[in-house]
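These notes are about the structure you will find just below.
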Amino acid sequence: MTDNTDQMRRAVLLGYPVSHALSPTLHSYWLQQYGINGHYGAMAVLPGHLKQALDMLRNRGDAGCNLTIPHKEDAMALMDDHDESAVMSGAVNTVVIRDGKLIGYNSDGFGFVEGLKAAAPDFAGQRVAVLGCGGASRGIIASLRGAMGVKSFALINRTRAKAERIIKQFTLHNSEVFEWHERDKALAGCDLLVNCTSLGLVGEDHLEISLDALPAHAVVADIVYRPYETPLLAAARLRGHIGVDGLAMLMHQGRLGFEHWFGVDPVVDDTLKLHLLEKMESESL
Ligand code: ATR
């Protein structure tokens, strides 16, 4: 029997908590689909221990890792190099270890735009309302502008200063900042609404918003994927809007790391989505 253990490529999710994370299911599915000699696991890393964990991965020869709460922002200072996607969002969710160096990427914006394209491909020159101005939002705005050619944004955030910072840093023209309490009317004239807040997530407050001012043709996207059908998406679908769920972004953002670590840009399809939904369902039993 051939011992090919030393050829096995390994990647891992670092976060706290990680017990309900879907990334191990996602990557293990792809590893099996493509018959790759690899492993993707999850490791609980407490706040303040990220450096030791990254050193450990580097020393044992891992291909890289994904990062989730609470490490995405702290990781910026621990990278040897940053892809522009990480610089734009101010956070790292994918680390590639190459020649012993840690290279930080952020695939949230890419994942969001790829998921959106599958449902509604064309937003060039259009206007987008974004709820929330945290790390995920920054990456998504950068990709909407860069990869999709979006021209104008309505940024709505509880903390106004963060929205203003994004307008300034990205030199967004034809764009405005709205107070959180102005969110209903900010939707007027928008072709896409994206929820980038954590509102609507299981255990969090609901997102209170009226979609009355949103044009009938507008698409509504939510980055929250627990529950799969958020109250925002349910309300949008009732009004006839196309809805784009958070699982689309989750699946597509995983492609970037998988390709770097395991050498294949994996396919996102309905079978994969069903597999993830089954996993989510089994956990809620
Ligand atoms: P992520 O990395 O997922 O973007 P984040 O950077 O913590 O996470 O951003 C969370 C976003 O949800 C922020 O825009 C936050 O608003 P603030 O910038 O004012 O903190 C928003 N958010 C979280 N809880 C909220 C609430 N109860 N009401 C309104 N916005 C909320």
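Coordinate-derived values only; no laboratory data. Treat the numbers as computed from the prediction; the structure is a model and nothing was measured. Please note: Cβ atoms are built from the backbone with ideal geometry, for glycine as well, and neighbour counts cover all protein chains shown.
Points worth noting:
- Leu50 fulfils the conditions (1) within 28 Å of His275 (Cβ to Cβ); (2) in contact with an Asp or Glu (Cβ under 7 Å, 6 or more places away or on another chain) except for a single criterion, (1).
- Some residue of region 171-189 being over 26 Å from His20 (Cβ atoms), of a type in the set (A, V, I, L, M, F, W, C) and touching a Gly at 6+ places or on another chain (Cβ under 9 Å): no
- Among the residues making up region 221-233, those that are in a helix (DSSP H, G or I) and in contact with a strand residue (DSSP E or B) (Cβ under 8 Å, 6 or more places away or on another chain) are Leu232, Leu233.
- Within region 242-271, the set of residues being of a type outside the set (Val, Ile, Thr), over 17 Å from the mean Cα position of the chain (by Cα) and more than 30 Å from Asp99 (Cα to Cα) comprises Asp269, Asp270.
- Residues in region 254-285 that are closer than 21 Å to Tyr228 by Cβ, assigned to a helix (DSSP H, G or I) and among the aliphatic types (A, V, I, L, M): Leu272, Leu274, Leu276, Leu277, Met280.
- Inter-residue pairs, beta-carbon under 7 Å, first touching a residue at least 40 places away in the same chain (Cβ under 8 Å) and more than 16 Å from Gly132 (Cβ to Cβ) and in region 224-246, second polar (S, T, N, Q) and in a helix (DSSP H, G or I), 6+ apart: none
- Some residue of region 163-175 being surrounded by 23 or more Cβ atoms within 10 Å (Cβ to Cβ), in contact (Cβ under 8 Å) with a residue 40 or more places away in the chain and within 16 Å of the ligand (Cβ to nearest atom): no
- Restricting region 145-162 to residues that are more than 16 Å from the ligand (Cβ to nearest atom) and over 14 Å from Ser85 (Cα atoms) leaves a set whose member that is surrounded by the fewest Cβ atoms within 10 Å (Cβ to Cβ) is Gly149.
Each row is one residue, and each column tells you yes or no for (1) part of a helix (DSSP H, G or I); (2) within 16 Å of the ligand (Cβ to nearest atom).
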| site | (1), (2) |
| --- | --- |
| Ala86 | yes, yes |
| Ile97 | no, no |
| Lys117 | yes, no |
| Asp122 | no, no |
| Val128 | no, yes |
| Ile140 | yes, yes |
| Ser143 | yes, yes |
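- Qualifying residue in region 54-62 (condition: in contact with a Pro (Cβ under 6 Å, 6 or more places away or on another chain) and part of a loop (DSSP other than H, G, I, E, B)): no
- For region 189-204, the count of residues that are polar (S, T, N, Q), more than 10 Å from the ligand (Cβ to nearest atom) and assigned to a strand (DSSP E or B) is zero.
- Hits in region 162-178 (condition: β-branched (Val, Ile, Thr) and under 15 Å from Ala136 (Cβ atoms)): Ile166
- Some residue of region 127-137 being closer than 24 Å to Glu229 by Cβ and touching an Asp or Glu at 6+ places or on another chain (Cβ under 6 Å): yes
- Only residues that are within 16 Å of the ligand (Cβ to nearest atom) and either in contact with a strand residue (DSSP E or B) (Cβ under 6 Å, 6 or more places away or on another chain) or assigned to a loop (DSSP other than H, G, I, E, B) (or both) were counted in region 99-114, giving 4.
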